[in-house]
Amino acid sequence: MLNGVGHPVRHAKLRHYLMCPPTYFDVTYAINPWMDPSGHVDRALAARQWSGLVDAYRSTGHRVDLLEPLADLPDMVYAANGATVVDGRTLPARFANPERDAEAAVHTAWHWRNGALYGGGNIQPAIAINEAEGDFAVLSRRILAGHGFRTSPEAHRELATLTDREVLSLELVDPRLFHLDLALAVLDDERDHIAYYPDAFSQRSRRLLGQLFPDALIATKLDAYAFGLNVVSDGLHVFIPAGARQLRELLAVAGYWPISVDLSELIKGGGGVKCCTQEIRPARTAQLVLSQLLAGASS
Ligand code: ARG
């Protein structure tokens with residue numbers, strides 16, 4: 001079904017997210033161009049903004065589980081970087097920078113303890129460097145994977161083997177957009193509708209994106225630098241910073257409902273909405289049980 005301006009009518013799909021409170025959030029080192037260790041971080045404000053995001057997810061019906069934060073790991077709030085879960089199969093991260101190394105084990109332990117929640121149990125130790133959903137964008141069948149700054153192309157192959165899915169490599173070239181999730185957003189993971197900022201990619205990757213996604217929304221540099229592509233979409237609601245004005249307009253025309261989220265304090269570490277949000281994509285059987293339970297509950 002199409003809306004009045006020829007776009008499909010959008011539907012929200014209930015999601016399961018894993019997030020980590022910014023209890024120890026700080027900028028004490030610089031591993032990306034946004035981080036300035038000489039600047040000031042207001043941790044109380046970061047906590048309020050982060051809670052606002054959790055509330056926004058829960059009030060739109062999504063499930064949010066929490067990971068216990070650890071002191072000395074100031075980047076743990078960026079939970080998207082800790083593991084990738086596709087069809088209940090989990091590839092934990094292996095971080096590029098030693099400063100974040102210890103986060104991977106915390107994520108792995110959470111998934112071992114809680115895998116039953118999502119029909120998981122297949123947790124494969126990572127061999128090559130991968131920063132999880134920072135560089136992996138999951139579509140209906142394919143997975144898009146970034147490389148150039150953090151995740152290595154070998155890790156793309158590891159994820160393909162674990163998930164039995166095609167993984168398409170994309171090369172990132174702008175150091176400010178060092179993860180794929182800063183340069184490209186999945187808006188509808190059933191119809192494979194995405195938004196991206198072309199100049200963040202090498203010429204070859206840009207060409208590939210243009211061929212594969214002719215209906216993609218094209219973001220500007222202003223949108224991308226306002227963390228406008230670092231968003232979470234449930235298929236209808238798109239949780240997005242207010243600063244990404246032009247992209248918000250494009251989203252609204254395309255039938256999405258942009259929901260403003262302010263994470264200005266967390267942006268000081270180089271991460272926004274998507275960085276704070278790890279999506280747990282259940283095994284198909286678990287999904288079925290969940291939807292039957294939900295159908296039972298509402299009938
Ligand atoms: N300070 C963190 C780092 O440089 C920011 C991570 C951003 N996360 C993301 N999913 N893009 O690793």
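Exactly one condition in (1) among the charged types (D, E, K, R); (2) out of contact with any helix residue (DSSP H, G or I) (no Cβ under 9 Å at 6 or more places or on another chain); (3) away from the ligand (no atom under 13 Å from the Cβ); (4) farther than 30 Å from GLU249 by Cβ is not met by ARG191; state its number. So the condition that ARG191 fails would be (4). Filtering region 144-166 to residues that are surrounded by fewer than 20 Cβ atoms within 10 Å (Cβ to Cβ) and among the β-branched types (Val, Ile, Thr) leaves only THR161.
Checked against the criterion of being polar (S, T, N, Q) and within 16 Å of the ligand (Cβ to nearest atom), the candidates THR161, THR151 yield just one match: THR151. Restricting region 91-111 to residues that are within 16 Å of MET19 (Cα to Cα) and without any contact (Cβ under 8 Å) to a residue 24 or more places away in the chain leaves a set whose member that is nearest to the ligand (Cβ to nearest atom) is ALA104. Scanning region 112-144 for residues that are of a type in the set (A, V, I, L, M) and out of contact with any helix residue (DSSP H, G or I) (no Cβ under 7 Å at 6 or more places or on another chain), we see that the one that is farthest from the ligand (Cβ to nearest atom) is ALA116. Filtering region 34-90 down to residues that are of a type in the set (S, T, N, Q) and exposed (fewer than 15 other Cβ atoms within 10 Å of the Cβ), which residue is farthest from the ligand (Cβ to nearest atom)? Only one residue tops the list, namely SER59.
Looking for something closer than 15 Å to GLU279 by Cβ and aromatic (Phe, Trp, Tyr) - is there at least one such residue anywhere in region 46-60? Yes, some residue in region 46-60 is closer than 15 Å to GLU279 by Cβ and aromatic (Phe, Trp, Tyr). Residues considered: VAL232, VAL238. Of these, the only one that is away from the ligand (no atom under 15 Å from the Cβ), closer than 30 Å to ASN114 by Cα and surrounded by 24 or more Cβ atoms within 10 Å (Cβ to Cβ) is VAL238.
No lab work stands behind these numbers, since they all come straight from the coordinates. Everything numeric in this text was worked out from a predicted model, so none of it was measured. Neighbour counts are summed over all protein chains in view; Cβ atoms, including those assigned to glycine, are modelled from backbone coordinates with ideal geometry.
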